[in-house]
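The values are calculated or read from the model by the stated rules, or taken from the named source; none is laboratory data. Source: prediction; values computed, not measured. Quick reminder, even Gly has a Cβ in these numbers, built from the backbone with ideal geometry, and neighbours come from all protein chains shown. Each accessible area value is taken on the protein alone, full model and side chains, heavy atoms only, with ligands, DNA and RNA left out. Shrake-Rupley method; radii C 1.70, N 1.55, O 1.52, S 1.80 Å.
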Amino acid sequence: MSWTEEQKQIIKCQDPLIVVNACAGSGKTATLLGIMKANPNKKILYIVFNTSMKQEAEEKVRKYKFYHVHIKTSHGLAYKHFGRMNSLGNVSYLDIASYFSWGDSPQRRGYLRTLYSYYKKYLQSAYNSVEEFCAFYKEELIIKLKTYIKNASIEEAVKNMHKIWNAMETGKTKMTHDFYLKYFAVSTVIENSYDIVLLDEAQDTNEIMLRIMENKFPNARKIIVGDHNQSIYGWRGAINAMEFFEKLPNSTKLSLTNSFRVGMRTANLANLVINAKKDFFNEMKGLNNNQDIITGSRDPLSYTYLARTNATLFEFGVNNMDKKLHFNNNVSFKVLEEVYELYSGNSSKVEDPRLKMFSDFNSLKFHVEEDGIEEAEIKIAVNVVEKYKEDTKKHLEDLKRNITTKEKCDIILSTVHASKGLEYEKVILAEDFVNINKIQERINFLENKIFSESKNPEKLKKIKSTYDDLLCWFKEECNILYVALTRSYSHLILNSELEKIISKYKI
């Protein structure tokens with residue numbers, strides 16, 4: 001294999017902590033394989049983001065007969081120690097409410113929903129104990145809990161979180177995957193047999209993975225790899241681990257800036273999108289002369305349709321019944337079908353325990369809008385049924401008849417989140433992405449507002465607490481668009497807003 005100078009530097013580096021910022025399509029996986037090949041006598045642990053990436057990595061490792069490499073997801077690493085303690089499964093706050101036997105008053109339901117959301121946040125946090133976690137979040141947690149129960153206290157919250165922990169530990173409820181990952185993180189188990197640990201997709205890990213990387217591999221060299229600009233899971237509690245490791249005094253910071261996937265024009269557009277965040281970044285260079293932005297014709301025979309939301313994909317499917325479709329994220333219509341049954345007054349046909357507690361569609365809708373709900377698929381289903389009403393069932397039946405395998409389809413439908421780590425020949429971008437000019441204006445406004453109070457610590461603290469989450473959301477939307485722009489290795493067809501951008505900036 002012919003390596004670039006950037007790749008050679010990474011493969012040869014023997015420093016104890018290396019942080020690699022790799023742009024989209026930069027040969028990151030090939031570089032990691034190069035590290036594996038250069039260290040045949042070292043035991044290597046390769047930690048990947050999800051199961052599909054694990055399967056892909058295993059195929060490549062087997063191809064090159066790298067028997068010294070073990071591939072795990074973060075949860076897979078913990079599973080071998082604690083994943084078989086009790087039965088596994090998804091646990092909603094409704095399951096917790098059933099375990100607590102608190103009845104179904106709106107106040108108790110709201111209290112437990114809030115408490116359980118913070119419990120899940122604790123599982124993903126770097127805090128060892130519930131007490132430490134609740135002490136840090138005391139002020140905001142109590143305000144939210146007292147919305148439902150006026151005499152709520154932090155002591156009671158700690159006690160109830162311990163009760164949830166004990167229920168998962170002893171099998172009184174199912175345990176979640178995040179539970180046994182946390183259990184591993186706070187345990188005394190040490191993984192001291194590895195010489196090198198590679199952490200991939202580090203920009204979308206969480207605090208608990210930071211703790212594991214810090215504490216569980218005392219004898220290993222650590223190589224942290226990711227792309228700052230592909231951090232798109234902040235809504236799920238993910239943090240950019242690269243920023244943490246880059247700040248450590250013993251870290252060596254290296255980069256991969258050449259994209260072999262995209263061409264010059266796509267790279268320039270992607271750089272413009274990322275520049276809207278006003279963060280320092282290494283510009284991506286597009287080296288693929290066979291990839292370009294296509295203007296004019298917007299209807300190739302087969303392509304991948306990338307959208308920001310599942311609702312947009314459903315609508316696109318409804319409007320393209322003459323095509324054979326494949327949903328990239330293996331979407332299930334079961335929840336949508338049952339939400340429609342509630343809408344139609346057929347609550348007896350509902351089997352999903354998350355939906356059975358609602359007597360009709362209006363009560364579910366109120367729950368989604370006023371009380372909040374954790375499951376994104378239920379929110380999406382409610383929105384779809386609200387839009388299509390009685391036509392929902394017909395659209396569902398038509399869509400299911402039209403869905404086929406990836407190999408046989410005309411169009412692959414995918415959200416950006418489901419396409420992460422993947423590439424496609426021809427890509428069309430939906431109209432539901434952010435307007436990058438408006439996002440840039442809002443980021444500028446918020447950063448100027450924060451800067452204007454930089455000399456007043458009290459005001460600065462208040463403004464940052466008010467605007468930080470919004471600023472992070474704006475920047476993550478830029479990242480989502482960047483990921484979408486960098487999925488095609490051949491033809492990229494833009495939405496109308498992005499066509500205006502390339503015209504305005506002569507890209």
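Points to keep in mind about this one:
- When the range 441-452 is limited to residues that are touching a residue at least 12 places away in the same chain (Cβ under 8 Å) and hydrophobic (A, V, I, L, M, F, W, C), the one that is surrounded by the most Cβ atoms within 10 Å (Cβ to Cβ) turns out to be Ile443.
- Within the range 77-113, restricting attention to residues that are farther than 30 Å from Ser187 by Cβ and among the basic types (Lys, Arg), the residue that is nearest to the chain's Cα centre (by Cα) is Arg109.
- A Cβ distance below 6 Å, combined with a sequence gap of six or more or placement on separate chains, defines the contacts here; from the range 116-136, residues that are within 23 Å of Tyr148 (Cβ to Cβ) and open to solvent by less than 30 Å² (accessible area, probe 1.4 Å) reach residues that are not aliphatic (A, V, I, L, M) and not in a helix (DSSP H, G or I) in the pairs Phe133/Ser125; Phe133/Tyr127.
- Screening Tyr116 against (1) under 23 Å from the mean Cα position of the chain (by Cα); (2) under 26 Å from Asn250 (Cα atoms); (3) among the aromatic types (Phe, Trp, Tyr) leaves a single unmet condition, (2).
- Those helices (runs of 4 or more DSSP H) of the range 120-228 in which at least 1 residues are under 30 Å from Leu422 (Cβ atoms) and among the charged types (D, E, K, R), considering only elements entirely within it, cover 177-186, 207-215.
- Selection from the range 267-281 of residues that are farther than 19 Å from Ile294 by Cβ, open to solvent by less than 60 Å² (accessible area, probe 1.4 Å) and either touching a Phe, Trp or Tyr at 6+ places or on another chain (Cβ under 7 Å) or not in a loop (DSSP other than H, G, I, E, B) (or both): Asn271, Ile274
- Cross-chain or 6+ apart pairs with Cβ under 7 Å, the range 348-369 first and open to solvent by 60 Å² or more (accessible area, probe 1.4 Å), then in a helix (DSSP H, G or I): Lys349/Glu341; Glu351/Glu338; Pro353/Leu94; Met357/Leu94; Ser359/Ser347; Asp360/Leu342; Asp360/Ser347
- The residues of the range 315-344 that are part of a loop (DSSP other than H, G, I, E, B) and open to solvent by less than 60 Å² (accessible area, probe 1.4 Å), listed by number, are Asn320, Met321, Lys323, Asn328, Asn329, Val331, Phe333, Ser344.
- Qualifying residue in the range 453-464 (condition: surrounded by 18 or more Cβ atoms within 10 Å (Cβ to Cβ) and on the phi < 0 side of the Ramachandran plot): yes
- Matching residues, the range 244-264, being free of Cβ contacts under 8 Å to residues at least 60 places away in the same chain and either under 10 Å from Asn21 (Cβ atoms) or part of a loop (DSSP other than H, G, I, E, B) (or both): Lys247, Pro249, Gly263
- Flag if Gln9 is in contact with a strand residue (DSSP E or B) (Cβ under 8 Å, 6 or more places away or on another chain), of a type in the set (S, T, N, Q) and not in a loop (DSSP other than H, G, I, E, B): yes
- Extreme residue, surrounded by the fewest Cβ atoms within 10 Å (Cβ to Cβ), among residues of the range 12-44 that are assigned to a loop (DSSP other than H, G, I, E, B) and under 23 Å from the mean Cα position of the chain (by Cα): Gly27
- Among the residues making up the range 54-101, those that are without any contact (Cβ under 8 Å) to a residue 40 or more places away in the chain, surrounded by 15 or more Cβ atoms within 10 Å (Cβ to Cβ) and part of a loop (DSSP other than H, G, I, E, B) are Phe66, His68.
- Filter pass, Tyr233 being surrounded by 15 or more Cβ atoms within 10 Å (Cβ to Cβ), of a type outside the set (A, V, I, L, M), in contact with a Gly (Cβ under 8 Å, 6 or more places away or on another chain) and modelled with pLDDT under 95: no
- The lone exception for Glu191 - which of (1) open to solvent by less than 40 Å² (accessible area, probe 1.4 Å); (2) acidic (Asp, Glu); (3) closer than 25 Å to Cys472 by Cβ it fails: (3)
- Count - residues of the range 379-402 that are open to solvent by less than 40 Å² (accessible area, probe 1.4 Å), over 11 Å from Phe333 (Cα atoms) and either modelled with pLDDT under 85 or under 27 Å from the mean Cα position of the chain (by Cα) (or both): 3
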